[in-house]
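The values are calculated or read from the model by the stated rules, or taken from the named source; none is laboratory data. The model shown is predicted, which means the values in this text are computed figures rather than measured ones. Cβ placement follows ideal geometry from the backbone for every residue including glycine, while neighbour counts extend to all protein chains displayed.
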Amino acid sequence: MSANPTGPSVSSLPEGGKARRVYLQLLDGITRGTYPDGAVLPAEQKFAVELDVSRVTLRRALDALESEGLIDRRAGAGTRVRKPAQRPSMAADFTNLMPQVVQMGHETTVRLLSFSYGMPPAAVAEAMQMSQTSNVQTAVRLRLIEGQPFSHLTTYVPEHIAQNYSESELATSPLFRLLERSGVEVETADQSVSATLASPDVAGHLGLSVGAPLLMLNRVVRDAQGRGVEYLAALYRPDMFKLEMTLSRVGAGDARHWEPVVNPTRAEAAE
């Protein structure tokens, strides 16, 4: 796991579908370097024609970019691209993600947003193979790097396990450590990675606009007997967190294919 500077966040989408499309198009160009630092954008009238939108629509998109400090507009000097603000970020090797989760707990800070007991959502109960009427501890936490939030974590833990640690401990200790201290022998995990959009509540905590893209990771952790001991629903800012994987070409002939390379040194260091 490593920390690297990266690009800007999406903080204020403009009103109107066309304006949002232009905003996202220009934001992507600035982030990728298509419009490098110091580049002067075309005059508004010409640029609007190139993008096939009205000048009013273009101005809405430019207003949003200017409010985020990504462009500098001066009368007589045109619109100039500014270097995106540098933000801390986390990168995790997908093949060694589980041990690195523990390491992340030591390299970042966490803020506990809510803590309660009750029945799990139907999808969580099904994934953990437990009764929907069973009680679980539900905790929502915000993980920060250098004081900036980059992930929104919701965990569900069976009540009989969760009662072995306190709310204050959950706010200061990695959940994996608390599960192990509770006598849980973590054996396997199933996880999936996809994408979603930020809801109003999540967007507010992560400092994003409603509808901003997020990386979504869902994981079910099981003990040695195959029982579900934790369900994690994690949402990450894609500008501050990424999953990496090294692949190796193996096999011969038609059977030649890609396989992930597990880095045992890195995994051991994280445990």
Report summary line: Val136: passes all of (1) surrounded by fewer than 15 Cβ atoms within 10 Å (Cβ to Cβ); (2) modelled with pLDDT of 95 or more but (1)
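Residues checked against (1) at pLDDT below 90; (2) over 26 Å from Asp190 (Cβ atoms):
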site: Val210; (1), (2): yes, yes
site: Pro213; (1), (2): yes, no
site: Met216; (1), (2): no, no
site: Arg219; (1), (2): no, no
site: Tyr231; (1), (2): no, no
site: Tyr236; (1), (2): no, no
site: Asp239; (1), (2): yes, yes
site: Leu243; (1), (2): yes, no
site: Arg249; (1), (2): yes, yes
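Is one or more of the residues making up region 184-194 assigned to a strand (DSSP E or B) and in contact with a Gly (Cβ under 9 Å, 6 or more places away or on another chain)?
Going residue by residue through region 184-194, those that are assigned to a strand (DSSP E or B) are 186-194.
Now narrow it down to the ones that are in contact with a Gly (Cβ under 9 Å, 6 or more places away or on another chain): 187-188.
Yes, region 184-194 contains at least one residue that is assigned to a strand (DSSP E or B) and in contact with a Gly (Cβ under 9 Å, 6 or more places away or on another chain).
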Requested in this report: Consider Ser199 carefully, then state whether it is free of Cβ contacts under 8 Å to residues at least 12 places away in the same chain and among the polar types (S, T, N, Q).
Outcome: yes
Report summary line: How many residues of region 146-170 are surrounded by 15 or more Cβ atoms within 10 Å (Cβ to Cβ) and either among the aliphatic types (A, V, I, L, M) or over 26 Å from Met240 (Cβ atoms) (or both)? The answer is 7
Report task. Filter region 208-255 for residues that are buried (at least 19 other Cβ atoms within 10 Å of the Cβ), more than 25 Å from Asn135 (Cα to Cα) and basic (Lys, Arg) and give the result. Result -> Arg237
Requested in this report: Return the total of residues in region 230-261 being farther than 18 Å from Arg141 by Cα, in a strand (DSSP E or B) and more than 17 Å from the chain's Cα centre (by Cα).
Outcome: 8
**Report entry** Matching option when the condition is assigned by TED's automatic domain parsing to the domain that holds Thr133, assigned to a strand (DSSP E or B) and of a type in the set (Ser, Thr, Tyr), among Tyr156, Tyr165
**Finding:** Tyr156
Requested in this report: Look through region 171-183, keep the residues that are assigned to a helix (DSSP H, G or I) and touching a Gly at 6+ places or on another chain (Cβ under 9 Å), and return whichever of them is surrounded by the fewest Cβ atoms within 10 Å (Cβ to Cβ).
Outcome: Arg177
Requested in this report: Evaluate region 86-94: report whether one residue or more is within 30 Å of Pro36 (Cα to Cα), among the basic types (Lys, Arg) and either surrounded by fewer than 20 Cβ atoms within 10 Å (Cβ to Cβ) or modelled with pLDDT of 95 or more (or both).
Outcome: yes
Report summary line: Taking region 122-160 and keeping only residues that are hydroxyl-bearing (Ser, Thr, Tyr), over 13 Å from Leu112 (Cβ atoms) and over 19 Å from the mean Cα position of the chain (by Cα), one is left with Ser131, Thr133, Ser134
